[in-house]
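Scroll down for the structure; my scribbles are underneath it.
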Amino acid sequence: MAAPLVLVVLAAVTVRAALYRSSLAVFIAERVEVASPLNAWKRVVEGLALLDLGVSPYSGAIFHETPLIIYLFHFLIEYAELVFMITDVLTAVALYLAIQDFNKVVFKKQKLLIELDKYAPDVAELIQTPMEMHYIPLKVALFYLLNPYTVMSCVAKSTCAINNSVIAFFILATIKGSAFLSAVFLALATYQSLYPLTLFAPALLYLLQRQFIPIKLKSKTFWLYTMQYASLYLCSLVVIICLSFFLLNSWDFIPSVYGFILSVPDLTPNIGLFWYFFAEMFEHFSLFFVCVFQINVFFYTIPLAIKLKEHPVFFMFVQLAIISIFKSYPTLGDVALYMAFLPVWSHLYRFLRNIFILSCVLIFCSFLFPVLWHLWIYAGSANSNFYYAITLTFNIGQIFLISDYFYAFLRREYYLTHGLHLTRQDGTEAMLVLK
C-alpha cells in the first residue's frame, strides 16, 4: 500500500508546485473562500513585519493568528511554500495511518459481534469485508491531498492547513490509544482555533472503549479516567498558553485571537453564516445573537455524545463537520478535512437518500462563489444578497449532507440488529421510519 500512497503524494506535491509557479497563485490567495481574517497569509506577513520592527503584532487589528504560528514563520518565512506542502502531506499520512488502525478495530469488533450472535441472520451483505476496507485509508489520503479545497488552501498559504494537520495528528493519537498525545494535540488544536474543544467528547469516548471502561456515570473508573484525560488536556493547554506569553512577554494575544473568534468584529465576507447576518443587525442586538450563534457550535456535542457513545469516530466526523459549518470564520480548508472521511463511510452509500443532489449543490456552489463575487465587487451588477444566498445554499447543502450520513448510519445500525427484512406482527412487510 506504500507505493500507491507515494504516488498520490507525488501527484499532490506536483499540482501544488505547479500552481505556486502559475499566475493563479495570487488570484487564489485573494479568494475569501480560502483565506479568512484569521488565517490569511497576507495578515501573517504583516504580523511578521511588525514583529521585526519590535512592535507587538497584536497592537493593531490586523493579525489574529497565535504566537506559535508567527514564530514558526519568523524562522521559516523563506520556505513557506515548502512548509505548507509538507504540512498537507503530513496531514494525509496521519489520516491514512489513523484510518488503517480504525479499520482493524472495526473488523475485530464485527468479528466479535458475529461470534456473539449480536447481528441479525440476514445482514451478511451489510458486514464490511477486509477486501472492501483495504483501500479505504488510501482513498482518505487521496480525498484530502487532491481535493480542490485542500489544494487551494495550500496555494493560498492559509494557516488552516496547519490547523488541519494538528487535528489529523490528534485523531491518529486517539485511534492509536495514546491518551497523552491525544490530549497534547487536542490542546494544540484548541489553542489554534478554539472550536476543536468539542472534539474532547468523542476522543474521551474512544479512549474509554480502548481501555474497556464502561461508560456509566456511577462508575468510579469512568470518572477517574475522565479526570485523568481532562487534566492532561488542561495542563497541555496551560503550558502552550504560558509558552506563548513567554515568547511575547504579553497577554495581548488572548483578546486578539480568542476574543476575535468569539466576538466576530470583522465582517469580511466568507463562506460562513455570521458576516451578512451581523452586518445587517442593529448594534444593540448583536451581543445576544453572537452568543446564540457561538453556542450553536457547542450545543450538539452532548446529544451526539449520548446517541453515538458506541461510535466515537463517527461522532468525531460529525463534530468536525459541525465546526466547519458553524464556526465564525470558516474556509474551504475546514470543509476539506471532514470530507476526507467520506470514504470511511462508503458502506453507507446504499442508505443515502440525496447524495447525488447534494453533491451537485456543493459543486455548483463552489463554481458560483467567484462568479457572484465578481458580479458584486467588480461588475457592480449584483449585491451582497447574491453572494450570501450562495453561501447559505452551500451551508445548507453541507447540513443536509451530514444529516443524510447520520440517517444512513443509524439506519444501518438498526438493520444490523433487527434484520434487513422487517415485518409487522401480522407478517406483512414493515417500513423503517427514523424520527
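The values are calculated or read from the model by the stated rules, or taken from the named source; none is laboratory data. All figures in this text were calculated on a predicted structure; none of them were measured in a lab. We place every Cβ from the backbone using ideal geometry, glycine too, and count neighbours over all the protein chains shown. Just so you know, the surface numbers come from the protein's heavy atoms only, side chains and all, with ligands and any DNA or RNA stripped out. Shrake-Rupley method; radii C 1.70, N 1.55, O 1.52, S 1.80 Å.
May I ask you to list the residues of region 143-186 whose amide nitrogen lies under 17 Å from a point 7 Å from Cα along the Cα→beta-carbon direction of Leu68? Only 159-174, 179-186 fall inside the zone, counting backbone N under 17 Å.
To the nearest 20 debye, what charge dipole does region 184-330 have about its Cα centre, counting +1 at the Cβ of each Lys and Arg and -1 at the Cβ of each Asp and Glu?
Taking the Cα centre of region 184-330 as origin, the dipole is about 860 debye.
On a 0 to 90 degree scale, rounded to 10, what angle separates helix 220-248 from the longest Cα axis of the chain? The angle comes out near 10 degrees. With each label modelled as a point 7 angstrom along the Cα→C-beta vector, the His284-Phe246 pair spans 4.9 nm. Just one of (i) 173; (ii) 414; (iii) 161 is volume of the Cα convex hull per residue in Å³ calculated from these coordinates, so which is it? Among (i) 173; (ii) 414; (iii) 161, the one calculated here is (i).
Accessible surface of Arg353, taken over heavy atoms with a 1.4 Å probe and every protein chain present, rounds to 140 Å². Taking all Cα pairs closer than 8 Å and separated by 6 or more residues, the relative contact order of region 1-418 comes to 20 percent. Per residue, the solvent-accessible area of the chain (1.4 Å probe, heavy atoms of protein chains only, all protein chains present) comes to 48 Å². For Lys109, a cut-off of 20 angstrom between C-alpha atoms picks up these aspartates and glutamates, skipping any fewer than 8 places away in its own chain: Asp101, Asp117, Asp122, Glu125, Glu132, Glu310, Glu413.
Compute the length gained on full extension between Lys104 and Glu125: take 0.36 nm times their separation in residues and subtract their Cα-Cα distance, giving the result in nm to one decimal.
Full extension of this stretch gives 5.7 nm more.
Under the simplified labelling scheme, the Arg210-Lys42 pair shows an inter-label distance of 4.2 nm, with each label point 7 Å from Cα along Cα→Cβ. Between the Cα long axis of helix 2-20 and the first principal axis of the chain there is an angle of about 30°, rounded to the nearest 10. Phi angles across region 273-279 convert, under the Karplus curve 6.51 cos²θ - 1.76 cosθ + 1.60 with θ = phi - 60°, into 3J(HN,Hα) values of 9, 6, 4, 5, 4, 7, 5 Hz, Gly and Pro given as x. Farthest towards the positive end of the charge dipole of region 1-418, among the residues Ala161, Ser231, Ile241, is the Cα of Ser231, using unit charges on the Cβ of Lys, Arg, Asp and Glu. Applying 1/(1 + (r/R0)^6) with R0 = 25 Å to the Cβ-Cβ distance of Trp223 and Glu310 gives a FRET efficiency near 0.85. Between Lys176 and Thr14, the simple spin-label model (points 7 angstrom out along Cα→Cβ) gives 3.1 nm.
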